[in-house]
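Chemist: Have a look at the structure that comes next, please.
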Amino acid sequence: MNFDVIRAYMSKEFKELLRSRLILIVYILPTMIIILFGYGIRMEVTNARTLIIDNDNSKISRDLAERFHHSKYFDTVTVNAMSESEALNRIKQAKTDILVIIPASFEKRLLHRQKSEIGVFIDGAFPVRASTMENYVKGVIYNMAKSLHIQPKSLITINNRNLFNQAMRDEDAIVPGLIGLILLVAPAILSALLIVKEKEEGTIFNFFSSPIKKSEFIIAKLLPPLILHSVNIFILFLWATWLFEVPFRGSFLLYWIAAQIYILISLGVGLLVSIIASTQIVAIVLTIIITIIPGFLYSGMLMPISSMSGESKIEAHIYPVMYFNHIVYDTFLIGQGLDSPKNQLYLTILLFYALFLIFLGAWLMKKEIS
Amino acid sequence: MRVFLALVTKELIGFLRSWGLVAVVLYSFTLDIYITGKGIEMQAKNIAIGYVDETGGGMSKKILSRLHAPEFQKPVPFMSTKELSKSIYDREIMVGLIFESDFEKNLEKRDRASVDILLDSIAATQSFQALQYLQNILFDYSKTDFPVELKIHKLFNQNANTSEFMAMAEMLSVITLLGVVLTAVVFVREKENGTWDIMLLMPIDPRLIILAKSFSQVLVIMGGVTIATGIVLFGVFDITINGSIAAFFLLSFFYAFTSAGIGLFVAAVSKNMLQVAQLSILIMMPLIFLSGAWTPIHAMHPLLQDLSLLSPLRYYIEGSESIFFRGTGFFDLWNYFAGVIILGSVLYFYGFRKIGRLF
C-alpha cells in the first residue's frame, strides 16, 4: 500500500469538495435536519383550540371552563349558547379542535348525585393528537371531580416513576434518534457521490488504467467523508445538549466510539450503492430510499423496539439502526455506559457490521470496465 | 395547440423511456406510501410489560389478566424489582408493575392500596398512553359510580387509526417532492445536454415550450396520484373518503402546478442534476416543516405561524385532510383553493420568467 498515492488522491478529493461547494452540504444538511425535525415533530399537544358550550352557566360549570382556560394545553373560547350542529361545523372547517358541551342543569344534577353527561367532540383527523387530547380532557374533568370530592374512591392508586425522560419531553425522545438517522444518511450519500461522480464524468477510467490499487482507491475515497463527518458527531452532540437541552447521562467515550463505527457502516452503505448506481442522481435517490425509511422505522423514536413483533422485529434486528440507537439513547438518557453487557454486545455487532459492509463493497468493486 | 401537444407527448415518451425515473416514481407512489402507512405506528400497541408479584395472588392476578392484546404483550414475571429494572434499563421491557407484599392486605383492611409502576418514558407519547391504559384499567376497580358520564366522540376517525393518516400524509409529501424534482429534471437534462439554449432559440414561443414541459410532468404526477389513491389508499388501506374525490383531484392538480413552479425555479438556478437534488432538499424541508404536517400550526411560534402562510403545502395538507377525513363541503374549501392557487401562480410565474431567460 502506497501512502503517498492515498495522500495525493485524498488531497484531490478535498480540493474538489471545496470547489464544488459540496462541503456546505456536509455541514448544513445534518444541522438543518436536526433543527427542523427536532422542532418539527411534536407529539404533545399544546394550545388545542377548544370551544366550550356552557348550557348551564352555573358556578360549577364556569369553574370547569376556567380549568380548561388555565391549562396550557387548551386555548378556550366559552359560549353560552350555540347549536351543536353549528359547533360541529366549526370542527369540519378545522377552526376548532375540541368541543366540550356542558348540559343544562349540570350543577343541580351533580349536587343531587344524578347522572349527567358531558359531551366531548374531538377532531380525529390526526389520530395520535386526538388520543392525546382525549386524555387531557379526561384529566381536567377528573381533577375537577377530585376537588369537588365527588370522585369515586379508587381502591388502587398508581404510584408511577417515569424513568429516563421524567418530564416526557418530545425533544428527549426524538433528538437522539435523529442523530442516528443523520449519521446513517449523510455519510452514505457523500461517499456514494464521490465514487459515482467519477463514473458519471468518466474519470473513473483513470482509476482503471493507473497502477493505483483497489484498496488504496477505496481508502482514499472513504477517508475524506469519514474525517468530515466525524466533526458532525460533535456538532450534533452540541445541538442536542445545548439547543434542545437533552440531558447527557452516560459515557461520552461510548457515544463517540459508537458514532465513529456507525459512520463506517454508513460509508459501507455508500460504497455498495456506488457499485450499483451509475449516475449521481440515482445514487442519491437510492441511498435515501435504503437509509431513511429503516432509519425512522427502527429508530425507537416513534415506537419502542420492544413493542414490535413478528417480521418488523426481525427486520429491526437486520438493520444496524437499532443497535446504534440503543447505545445513543443509553448514553443520553439512561447512562449505563460500557458496563452494560448489552451495550458491549451491540457495540461489537456494529463493529462487525461495519467491517462486513466495507469488505463486501471492496470485494464487489471491480477495477475494470464492466 | 398542435405544437403544445407534440411537446407534451415528447416529454411523456422521454419520461417513459428513462426506466430508472419511472421505477422511482412508481415506487414512491405505491410501496413507499404502503411502508409508511403500515410501518409507522404511533399509538401505543403491543407494549412489553413485566411484573413483580410479591403477594400471594388474587387481586394482582385479576389485574394482570386484564393486560392483553392489542395494547399489551403477555406480562413477563420477574423475581425481583432489581431484575425488572435491569430489563427496563436494557429496554426490553417498557412498563414494570410491582405488587408489594402488603398490597393484598392493604386492599382488604384499608380499602386502598397502591401499585408501583416503573415506566420507560423515552418514547414519550407511547409511554403516556401506556400509563393511561393502566389508569383506565385500575379505574374500573372503584367503589362508587362516577356521577359524570363523559361521552367522547373522536370525529372522522373513531378508532384513531394511524395507518390511514400516515399513508395519506406520505402521499402528500411524495407529490410535493416529485413535483419539484421531476419538473426540475426535465429542464436540467436539456441543460446538461446543451439542448436547452437550442430549444429557446427555436421558432416556437419559448413560453409554450416551458408550459408544455411542465404540464407533461404535472400529468405524470396526476397519474401517480391516481395510482396512489386508487390502489394504495382505497385498495390496501380501505380509506373512506368523507368529502368529494373530485375536489381532491382538482386541488391536487393546482398543487402539482405549484410544485412545478418551484421546480422551474430550481431548474433555473442549477446547472446539473446534483445541484437539483441538493437545492430541492434545501427548499423542500422548510416548506414541509412550515406546512403543519407534523406540528399543528397554532402550536408554533407566532413568527413561524405567519411564515407558514407562505407554504403552499400548508393549504394542500389542510385541504386534503378536510376532504378525506372531515368531509368538508366543496364551498367551505375555498380558502384552501385560494391559498394553493395564489401561491402557485406567484411561484409558477416567477419560475417561468427565470427559466425562460436565455442569458
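Chemist: In segment B:49-139, if the dipole is taken from +1 on Lys/Arg beta carbons and -1 on Asp/Glu beta carbons about the Cα centre, which of B:98, B:76, B:60 is farthest to the positive end?
Modeler: B:60
Chemist: Continuing with this model, one more query. Probe radius 1.4 Å, ligands and nucleic acids ignored: give me the carbon and sulfur share of the accessible area of segment B:49-139 as a rounded percent.
Modeler: 53
Chemist: Along segment A:247-254, what does the Karplus equation 6.51 cos²θ - 1.76 cosθ + 1.60 (θ = phi - 60°) give for ³J(HN,Hα), rounded to whole Hz, x for Gly and Pro?
Modeler: Listing the rounded values in order: x, 10, 9, x, 9, 5, 4, 4 Hz.
Chemist: Can you tell which of B:225, B:174, B:236 shows the greatest fluctuation in a Gaussian network model of chain B with Cα springs below 10 Å?
Modeler: Comparing B:225, B:174, B:236 in a Gaussian network model of chain B, the most mobile one is B:236.
Chemist: With every protein chain left in place, what is the accessible area of residue A:313 in Å² (1.4 Å probe, nearest 10)?
Modeler: The accessible area of residue A:313 comes to roughly 70 Å².
Chemist: Rank these by accessible area, largest first, 1.4 Å probe: A:364, B:12, A:99.
Modeler: Per-residue accessible area, sorted high to low, gives A:364, B:12, A:99.
Chemist: Only Lys, Arg, Asp and Glu count, each charged at its Cβ (+1, +1, -1, -1), so figure out the dipole size of the protein assembly as shown about its Cα centre, rounded to 20 debye.
Modeler: 860
Chemist: Ignoring ligands, DNA and RNA, how do B:2, B:314, A:7 rank by accessible area with a 1.4 Å probe, largest first?
Modeler: Result of the area sort, largest leading: B:2, A:7, B:314.
Chemist: Please give the total accessible area that chains A and B bury against each other, computed with a 1.4 Å probe and expressed in Å² to the nearest 100.
Modeler: 9000
Chemist: Step through the residues of segment A:160-175 one at a time and calculate ³J(HN,Hα) from phi using the Karplus curve (6.51 cos²θ - 1.76 cosθ + 1.60, θ = phi - 60°), rounding each to whole Hz and writing x for Gly and Pro.
Modeler: So the Karplus estimates, Gly and Pro as x, are 9, 10, 7, 8, 6, 9, 3, 8, 6, 7, 5, 4, 4, 6, 9, 4 Hz.
Chemist: Of A:143, A:125, A:65, which is farthest along the charge dipole of segment A:48-147 in the positive direction, counting Lys and Arg as +1 and Asp and Glu as -1 at C-beta?
Modeler: Farthest towards the positive pole: A:143.
Chemist: Which residues, if any, in segment B:42-58 lose at least 40 square angstrom of accessible heavy-atom surface (probe 1.4 Å) when the other protein chains sit next to their chain rather than the chain being alone?
Modeler: Going by heavy-atom accessible area, the residues of segment B:42-58 that drop by at least 40 Å² are B:42, B:46.
Chemist: Normalising by the residue count of chain A, find the relative contact order in percent from Cα pairs under 8 Å and 6+ residues apart.
Modeler: 20
Chemist: Now, a different point. Just from its helices, what would the mean residue ellipticity at 222 nm be for chain A, if runs of 4 or more DSSP H residues each count -39500 (n - 2.57) and the sum is divided by every residue, rounded to the nearest 500 deg cm²/dmol?
Modeler: -21000 deg cm²/dmol
Chemist: Given the options A:351, A:79, A:251, identify the residue whose Cα lies farthest towards the positive end of the charge dipole of the protein assembly as shown (+1 on Cβ of Lys, Arg; -1 on Cβ of Asp, Glu).
Modeler: A:351
Chemist: For chain A, modelled as a Gaussian network with Cα springs under 10 Å, which listed residue fluctuates most, A:114, A:336, A:260?
Modeler: A:114
Chemist: Indicate the gyration tensor shape class of the protein assembly as shown (rounded, prolate or oblate), computed on the Cα atoms with a ≥ b ≥ c the square roots of the eigenvalues: a/c under 1.5 is rounded; otherwise a/b larger than b/c is prolate and the rest oblate.
Modeler: Oblate, since a/c reaches 1.5 and b/c is not below a/b.
Chemist: How large is ³J(HN,Hα), in whole Hz, for each residue of segment A:14-28 in order, when computed from phi with the Karplus curve 6.51 cos²θ - 1.76 cosθ + 1.60 and θ = phi - 60°, using x for Gly and Pro?
Modeler: 4, 4, 5, 4, 5, 6, 7, 6, 5, 4, 4, 4, 4, 9, 6
Chemist: Residue A:368 accessible area, nearest 10 Å², 1.4 Å probe?
Modeler: 110
Chemist: Moving on to the next point. Mind listing the long-range amide H neighbours of residue B:73? Cut-off is under 5 Å, sequence gap 5 or more, other chains count too, H placed in the peptide plane at 1.01 Å from N.
Modeler: Those lying under 5 Å, H to H, from residue B:73 are B:47, B:48, B:49.
Chemist: Hey, can you find the accessible area per residue of chain A for me, probe 1.4 Å, expressed in square angstrom?
Modeler: 42
Chemist: Using a 1.4 Å probe on the protein heavy atoms only, what accessible surface does residue B:298 show? Give it in Å² to the nearest 10.
Modeler: 50
Chemist: Between residue B:350 and residue A:253, take the C-beta separation as r, use R0 = 51 Å, and let me know the FRET efficiency to the nearest 0.05.
Modeler: Rounded to the nearest 0.05, the efficiency is 0.50.
Chemist: Work through the residues other than residue A:249 whose Cβ is under 12 Å from its Cβ and net out their charges, Lys, Arg +1 and Asp, Glu -1.
Modeler: Summing Lys and Arg as +1 and Asp and Glu as -1 gives -2.
Chemist: Follow-up. Rank these by accessible area, largest first, 1.4 Å probe: A:63, A:339.
Modeler: Solvent-accessible surface, decreasing: A:339, A:63.
Chemist: Which pairs in the list A:221/A:313; A:95/A:146; B:61/B:109; A:138/A:342; A:15/B:213; A:146/B:74 are over 30 Å apart, alpha-carbon to alpha-carbon?
Modeler: Listed pairs above 30 Å: A:221/A:313; A:95/A:146; A:138/A:342; A:15/B:213; A:146/B:74.
Chemist: Would you grab the residues whose amide H sits under 5 Å from the one on residue B:153? Only those 5+ places off in sequence or on another chain, please, with H modelled 1.01 Å from N.
Modeler: It is A:120, A:121, A:122, by chain and number.
Chemist: Also, I was wondering about something else. If you place +1 on the Cβ of every Lys and Arg, -1 on the Cβ of every Asp and Glu, and leave all else neutral, what size is the dipole of segment B:49-139 about its Cα centre, to the nearest 20 Debye?
Modeler: Computed charge dipole of segment B:49-139: roughly 180 debye.
Chemist: Further, regarding this structure: GNM, chain A, Cα, under 10 Å: largest mean-square fluctuation among A:81, A:277, A:186?
Modeler: The residue with the greatest mean-square fluctuation here is A:81.
Chemist: Just to confirm my numbers, what's the Cα centroid distance between segment B:7-60 and segment A:327-370 in Å?
Modeler: 25
Chemist: On a full-extension model of 0.36 nm per residue, what is the gain between residue B:208 and residue B:83, subtracting their alpha-carbon distance, rounded to one decimal in nm?
Modeler: 37.7 nm
Chemist: Run the accessible area of chain A with a 1.4 Å probe and give the carbon-and-sulfur part as a rounded percent.
Modeler: Heavy-atom surface of chain A belonging to carbon and sulfur, 1.4 Å probe: 62 percent.
Chemist: At 15 Å minimum axial length over the Cα atoms and a Kyte-Doolittle cut of -0.5, report the qualifying DSSP H helices in chain B, or say none.
Modeler: Span-like helices here: B:2-17, B:124-139, B:162-193, B:206-227, B:245-269, B:273-289, B:334-356.
Chemist: For a quick check: with amide H placed at 1.01 Å from N, whose amide H comes under 5 Å from residue A:76's, ignoring anything fewer than 5 positions away on the same chain?
Modeler: A:50
Chemist: If you roll a 1.4 Å probe over the heavy atoms of the protein chains, what accessible area per residue do you get for chain B, in Å²?
Modeler: 44
Chemist: Between the alpha-carbon centers of segment A:4-33 and segment A:83-117, tell me the distance in whole angstrom.
Modeler: Centre-to-centre (Cα) distance: 61 Å.
Chemist: Once each part is reduced to its C-alpha centroid, what is the distance from segment B:242-274 to segment B:73-129 in angstrom?
Modeler: After rounding, the separation between the Cα centres reads 51 Å.
Chemist: State the extension gain, in nm to one decimal, for the chain segment bounded by residue A:86 and residue A:352, taking 0.36 nm per residue of separation less the distance between their alpha-carbons.
Modeler: Full-extension gain reported as 89.5 nm.
The values are calculated or read from the model by the stated rules, or taken from the named source; none is laboratory data. Nothing here was measured: the structure is a model prediction, and the numbers come from that model. Cβ: placed from backbone, ideal geometry, glycine included. Neighbour counts: every protein chain shown. Areas reflect the complete protein model, heavy atoms only, side chains present, ligands, DNA and RNA absent. Shrake-Rupley method; radii C 1.70, N 1.55, O 1.52, S 1.80 Å.
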